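Accompanying notes for the structure given below.
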Amino acid sequence: MLELATFAILAAVILVSAILVITRRNAVHSVMWLIVALFGVGGIYLLQHAEFLFAVQIILYVGGIMVLFLFVVMLVNLDVAVKQARFARHWQVALLTAVLLVAQLGYALYNHGQGLNLPGHPLVSAPAGNTQAVGMALYQNYMLPVEIASLLLLVAMVGAVIMAKRKLE
Amino acid sequence: MIPTEYYIFLGSGLFTIGVIGVLTRRNVLVILMSIELILNAVNINLVALSQYFRSVDGQVFAIFVITDAAAEAAVGLGLIIAFFRNKETVNADEIDLLKW
């Protein structure tokens, strides 16, 4: 019961702050609400006993990516953008597409949600702890993907530096 | 004990909000933030189903998704800075440098 109440509160926080992210005029406010939404998602991870992922979410997402976003929002002068229209001219078409997406998702989940037949079961952490289980999987079964991911991060870092540099000599 | 469907409902709701943001907003920064929302919706589903199948693979995939999000944010924000330096705008419908 307490678990369900926690889930309901977290879900409400996530959805409301996500809506606020896409409707705020000022991009700094959007970043702040996105941070709230990411904390909520972190809470969902914790509720599912994915403790390592919770730590990654807080340290990497909230502490890393969001600071990067905030930095760029401050760097890009937004005085003009605040006064301009928030939504693109084709927003009716976009809204229609979104409504179609909602209808499709709702139809699939409503009709086949029961067919999914996914009853909740009491969660148990791995006996040795979630972090150890994830670490074992990462460094045994997923050794090559981890190396590829590190290469991807290196490429992204070099690319970001080159693109944000003032002038290429 | 929460049915796994609830997590999937939450994930699809967050995904839809992200898609609406990507499609309707003009500010490229907010579009990038909406993409982060979409990636988080995917992560919620991955973790929920990983717990449902009692396997840790979904969580490993979620870590890879977060890695991709970091790479995407770094490159995307670098592009935005480079673009802003040239055109003094961050509006998606004014990004037309290929069109003379």
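Quick one: grab the alpha carbon gyration tensor of the protein assembly as shown, order the square roots of its eigenvalues as a ≥ b ≥ c, and give me rounded if a/c is under 1.5, else prolate or oblate depending on whether a/b is larger than b/c.
Cα axes put the protein assembly as shown in the oblate bin.
Mind checking the mean number of beta-carbon atoms from other chains within 10 Å of the Cβ atoms in B:6-15?
On the way: counts 6, 7, 5, 5, 9, 4, 7, 7, 7, 4.
Mean shielding by partner chains, rounded to a whole number: 6.
What does the structure give for A:38-45 when I average, per residue, the other chain Cβ atoms found within 10 Å of the residue Cβ? Before the final figure, lay out the partial values.
Numbers: counts 3, 0, 4, 10, 1, 0, 9, 6.
Averaged over the peptide's residues, the number is 4.
Packing-wise, with mean Cβ within 10 Å as the measure, how do A:4-16, B:65-77, A:34-46 rank, highest first?
Working: A:4-16: 15.9, B:65-77: 19.9, A:34-46: 22.0.
Ranked from most to least packed, the peptides come out as A:34-46, B:65-77, A:4-16.
Just order B:52-58, A:160-166, B:1-7, A:52-58 by mean Cβ neighbour count inside 10 Å, highest at the front, would you?
Working: B:52-58: 15.9, A:160-166: 14.1, B:1-7: 17.9, A:52-58: 20.6.
The packing order, highest mean first, is A:52-58, B:1-7, B:52-58, A:160-166.
Which value, in debye to the nearest 20, describes the size of the charge dipole of chain B about its Cα centre when Lys and Arg Cβ atoms bear +1, Asp and Glu Cβ atoms bear -1, and nothing else is charged?
Numbers: 6 positive and 9 negative charges, 21 e Å.
It works out to roughly 100 debye.
Along the charge dipole of the protein assembly as shown, pointing to its positive end and built from +1/-1 on Cβ of Lys, Arg, Asp and Glu, which listed residue (B:6, A:139, A:62) has its Cα farthest out?
A:62
Going highest first, how would you order A:91-99, A:19-27 by mean Cβ packing within 10 Å? Before the final figure, lay out the partial values.
Working: A:91-99: 14.4, A:19-27: 19.8.
Put in order of decreasing packing, that is A:19-27, A:91-99.
Within a 10 angstrom radius of each residue's Cβ in A:146-155, how many Cβ atoms of other chains show up on average? Whole number is fine.
What the average comes to for A:146-155 is 3.
Quick one: which residues, 5+ away or cross-chain, put their amide H under 5 Å from the amide H of residue B:27? H built at 1.01 Å from N.
So residue B:27 has HN proximity to B:92.
Read-outs: derived from the displayed coordinates by stated rules, not from any lab. Quick caveat: nothing in here was measured; it's all calculated off a predicted structure. For neighbour counting, all protein chains shown are included, and Cβ atoms are generated from backbone atoms with ideal geometry for every residue, glycine included.
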